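**Student:** Provided herewith is a single structure, encoded as C-alpha cells, for subsequent inquiry.
No value in this document is a laboratory result; all are computed from the given coordinates. Keep in mind that what you see is a predicted model, and the values were worked out from it rather than measured. Please note: Cβ atoms are built from the backbone with ideal geometry, for glycine as well, and neighbour counts cover all protein chains shown.
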Amino acid sequence: MCNVTKQPAASADSSGAAPRAGQVASAPLDEPAVRDRIMEAAGDLFVTRGIRAVSAEEVVAIVGITEATFYRHFLSKEELVVAYLEHRAAWERGVVEAARQASGGDVCEAFRLIMEGIGASGRAQGSRGCPFVDAAREFPDVEHSVRRLVTAHRRWFETALGEMLAQVGITEVSAAAGQLMMLRDGAMIAGHLDPPEAVADSLYNASRAVIKAHR
C-alpha cells in the first residue's frame with residue numbers, strides 16, 4: 001500500500017478563510033523594488049533640499065516602510081547616500097557614452113549632448129545644480145566615503161573628455177579636459193538660474209573656444 005503524504009491546507013487570511021482562486025496570501029515584499037523606491041525617494045529629497053537636511057526617518061515615511069526594512073537595505077544613511085551617488089554616476093556614464101555615439105566624433109556636439117541630457121534631468125527633479133558638486137560641498141572631508149566617490153566620478157568624467165579630445169588631435173589633453181570640466185560645473189549651476197537654451201548655446205560656444213585654443 002502506498003504511503004500518501006498529506007498536503008498542508010492553504011493558508012488562511014485574517015478572517016480564517018482560505019484564499020480564493022487567484023488570491024495571494026501574505027505575498028512578500030519585492031526586495032529589489034523596495035530598494036529602488038528608497039533610493040528614488042531619497043534622491044528626490046537630496047537634490048531639492050540637500051543631503052544633510054534629509055533624515056532617514058523622512059525617507060522611511062515617504063516610502064511607507066518600517067525603519068527595520070530601511071536598515072535591511074542600507075545599514076546607515078551614509079550607505080544610502082553612497083548608493084544614490086553610485087546610481088547617479090552610472091546613469092551619467094550612460095549619458096556620456098550615448099552622446100559619444102550620437103555625435104559622430106564632434107567633441108563639441110558630444111559635450112553639448114552630454115550637458116543637455118544631464119541638465120534636463122536636473123531640471124526635471126528641481127535640482128539646485130550638480131549633485132556631485134553639492135555632495136562635495138556638504139562633505140568637505142576628502143577621506144569621507146561620499147567625497148571619495150565624488151572624486152572618483154569626476155576623474156572618470158574628465159578622463160572621458162580627455163579621450164574624446166585625443167581622438168580629434170588635441171595635444172594638451174589634460175589642460176583642455178580640465179577646462180571643459182570647469183565649463184560643465186558652471187553650466188550645471190547656470191542651468192538652475194538661467195534659461196536652458198541660453199546656457200546650452202553658451203556652453204557650446206565656450207567648448208569650441210577651448211578646443212580651438214588647444215589645437
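**Student:** Over 10 Å intervals from 0, what percent of Cα-Cα pairs in region 82-213 sits in each interval?
**Tutor:** Over region 82-213, the share of Cα pairs per 10 Å bin runs 12, 45, 35, 8 percent.
**Student:** Mean 1/r over all different Cα pairs, inverted: what Kirkwood radius does region 135-215 give, in Å? Write out the running numbers ahead of the final one.
**Tutor:** Values: mean 1/r = 0.0721 Å⁻¹.
After inverting the mean inverse Cα-Cα distance, the result is 13.9 Å.
**Student:** Further question: With 10 angstrom as the radius, rank I118, I170 by how many other C-beta atoms surround their C-beta, starting from the fewest.
**Tutor:** Ascending number of Cβ neighbours within 10 Å: I170, I118.
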